[in-house]
1. Look through P97, P83 and report the one residue that is over 29 Å from I35 (Cβ atoms), surrounded by fewer than 17 Cβ atoms within 10 Å (Cβ to Cβ) and either charged (D, E, K, R) or at pLDDT below 85 (or both).
2. Looking at this structure, is N10 within 15 Å of V178 (Cβ to Cβ) and without any contact (Cβ under 8 Å) to a residue 60 or more places away in the chain?
3. Restricting attention to segment 163-187, report how many residues are of a type outside the set (G, A, S) and surrounded by fewer than 20 Cβ atoms within 10 Å (Cβ to Cβ).
4. Which pairs have Cβ atoms under 6 Å, sit 6 or more apart or on different chains, and link a residue in segment 195-212 that is in contact (Cβ under 8 Å) with a residue 12 or more places away in the chain to one that is of a type in the set (G, A, S) and crowded, with 18+ Cβ neighbours inside 10 Å?
5. Every residue in segment 13-36 that is free of Cβ contacts under 8 Å to residues at least 24 places away in the same chain and either surrounded by fewer than 14 Cβ atoms within 10 Å (Cβ to Cβ) or out of contact with any strand residue (DSSP E or B) (no Cβ under 9 Å at 6 or more places or on another chain) (or both), please.
6. Under 6 Å by Cβ, and 6 or more places apart or on different chains, what pairs join a residue from segment 75-93 that is of a type in the set (S, T, N, Q) with one that is at pLDDT 85 or above?
7. Test Q74 against the stated conditions and say whether it is among the polar types (S, T, N, Q), at pLDDT below 90 and surrounded by 20 or more Cβ atoms within 10 Å (Cβ to Cβ).
Amino acid sequence: MAVDILRVKNLNVELDGLEIIKDLTFEVKEKEVLIILGPNGAGKTTLLRTLLGFLPYRGEIWWGTRNIGYLPPQELIQRRDLPPLSIEEFFKFKRVPLVQIQKTMVLVGLDSSLLRRRYGTFSTGQFQRLLIAWALVDEPSVLLFDEPTSGIDIGGQETIYSLLHKLWKERSLTILLVTHDLNIVWEHANNVLCLNKLNVCYGKPKAVLTPENLEKIYGTGLKYYEHTHE
C-alpha cells in the first residue's frame with residue numbers, strides 16, 4: 001500500500017499583502033503523479049516554492065523525504081544570466097561524480113559529449129532536457145516541475161512529457177507537475193489539483209475534471225476532451 005510522501009493541511013500564503021493561496025489541503029502518495037492545473041495567477045508556482053520552503057506560510061506542510069528535485073519555470077532560468085561555464089563545470093556544483101552526470105545526460109537523451117559545450121549552443125528543447133538532467137542528477141525521490149515545456153513547440157512538448165513518463169516508471173519517482181495542458185492530465189496524472197487561489201478540485205481526473213469545475217478554474221468557453229490512450 002502506497003504511503004504519503006507529502007501532506008498539506010490548511011495552507012495559506014500571502015505575498016505583499018495579497019492572498020495567493022487560501023485553506024489548501026491535499027496529499028501525495030509515493031510514486032504518484034500529481035498534476036496542478038490553474039490559470040495564470042492561480043498560485044501554482046507559489047505553491048511549489050512554498051512546498052520547498054522558499055516562502056512563508058500558515059498551515060501545515062509535511063514531507064516524508066528530504067530528497068527533492070526542482071525544475072523552476074523557464075522564465076526564471078535565462079541562459080544569459082547563467083555563469084560563463086561549460087555544462088560540465090556547471091554540473092560540478094551538484095558535487096556528484098562525473099560518471100553520474102554523464103549517465104544522467106544520456107538518460108534524458110543528450111550525448112555526454114555536450115558537457116564540453118556552453119549554454120548558448122543548445123536549442124530550446126536541448127536546454128530543457130539539460131535542466132531536467134540537472135534536477136535528476138543527484139537522484140531525488142520527488143521531482144517538482146513547473147511548466148517544463150514552456151516555450152517549446154508541440155513536438156518538443158510531447159517528447160519532454162514522454163521523457164518524464166519514462167523517468168517516472170523507471171525510477172519510481174513521485175512527480176508534482178504544474179501545467180496548462182489539460183490533455184497531459186488524462187495521459188499521466190494519478191490525481192489532479194485544480195487551483196484558482198482556492199482549492200477548486202482535487203482527486204482522480206475522471207472524477208473531478210467536470211465542465212463545472214473547469215469553468216470555476218478557467219471561466220466560460222473552455223473546450224476539452226478526454227484521452228483514452230493507455
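1. P83
2. No, not satisfied.
3. So the count comes out to 13.
4. L195/G38; L195/A42; L195/G43; N196/G38; N196/A42; K197/G43; P205/A189
5. D16, G17, L18
6. Pairs found: S86/R116.
7. No, not satisfied.
The values are calculated or read from the model by the stated rules, or taken from the named source; none is laboratory data. All of these numbers come straight from a predicted model, not from anything done at the bench. Because the Cβ atoms are built from the backbone with ideal geometry, glycine has one as well, and the counts that use them run over all protein chains shown.
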